1. Run the simple label-point estimate for B:Ala78 and A:Ser27 please: 7 Å along Cα→C-beta, distance reported in nm.
2. Please figure out what share of the DSSP beta bridges in region A:5-113 is antiparallel and state it in percent, rounded to the nearest 5.
3. I want the local charge near A:Ala31. Using Cβ-Cβ distances under 13 Å, sum +1 for each Lys or Arg and -1 for each Asp or Glu among the other residues.
4. Anything over 27 Å Cα to Cα? Flag those among A:Lys78/B:Lys71; B:Lys37/B:Lys71; B:Lys68/B:Lys113; A:Lys78/B:Lys101; B:Lys42/B:Lys68, in the order listed.
5. Give me the number: length gained by fully extending A:Thr13 to A:Glu102, i.e. 0.36 nm times residue separation minus the C-alpha to C-alpha distance, one decimal in nm.
6. Explain nothing, just the number: relative contact order of region B:4-113, from Cα pairs under 8 Å at least 6 residues apart, as a whole percent.
7. Mind checking the full-extension length gain between A:Thr76 and A:Asn62? Use 0.36 nm per residue of separation minus the Cα-Cα distance, one decimal, nm.
8. When Lys and Arg each count +1 and Asp and Glu each count -1, what net charge do the other residues less than 9 Å away from B:Val87, Cβ to Cβ, add up to?
Amino acid sequence: GAGVSQTPSNKVTEKGKYVELRCDPISGHTALYWYRQSLGQGPEFLIYFQGTGAADDSGLPNDRFFAVRPEGSVSTLKIQRTERGDSAVYLCASSLWAGGREQYFGPGTRLTVT
Amino acid sequence: GESVGLHLPTLSVQEGDNSIINCAYSNSASDYFIWYKQESGKGPQFIIDIRSNMDKRQGQRVTVLLNKTVKHLSLQIAATQPGDSAVYFCAESGGSSNTGKLIFGQGTTLQVKP
């Protein structure tokens, strides 16, 4: 079956611009997670959705970052006024249920802010 | 605070040998641990997990050992193959929260020499 998909695979943007990153979770998975991975580091938690609501957004670095999941399936991570420090791979994962430990990751979106 | 870390950044082994990748964690309340494998350009792939009420769990060619006394986790790969070359991350999803939020270590690169 289809895994987690993310689009675009690569995004280059100029400092100060707005970007949206999309995640399509595995069908039927109710929990969805966003992580950010810098070069040579492990993934860092950003936000977690259970259904349509953000259950834990404690990892979002500041108010320039926002994520939505309006219909409980696809999610969009939005970054306003991008900065060079936002450059990283943004990973999305999903799991069957809230607190489901086995998270399935997508391939990520590589964001480069110039 | 919570932290999960790995002892060695790079491990080089001969094809056919056994590999052992180590991980230390600091949150004694952690109740669940996971090992992920990440190949270049891909998202992390689940390998094996273990709960804190266990000290050993075996999968296909892999074994995870948990020593809660010294807060140490290890991943053993038997008969290492070239396809095992990747970065390996341990992660914890611990404490009393049940969000499934994962805290990753920095990773160990496994290089398999033919």
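What follows draws every value from the coordinates through simple rules; no lab data is involved. For clarity, every value in this text was computed on a predicted model and none was experimentally measured. No Cβ is skipped: glycine too gets one built from the backbone with ideal geometry, and neighbour counts run over all protein chains shown.
1. 3.7
2. Around 90 percent antiparallel, to the nearest 5.
3. Net charge around A:Ala31: +1.
4. Pairs exceeding 27 Å: A:Lys78/B:Lys71; B:Lys68/B:Lys113; B:Lys42/B:Lys68.
5. Going from the current span to full extension adds 28.8 nm.
6. Reported as a whole number, the value is 39 percent.
7. Here the answer is 3.4 nm.
8. Residues close to B:Val87 contribute a combined charge of 0.
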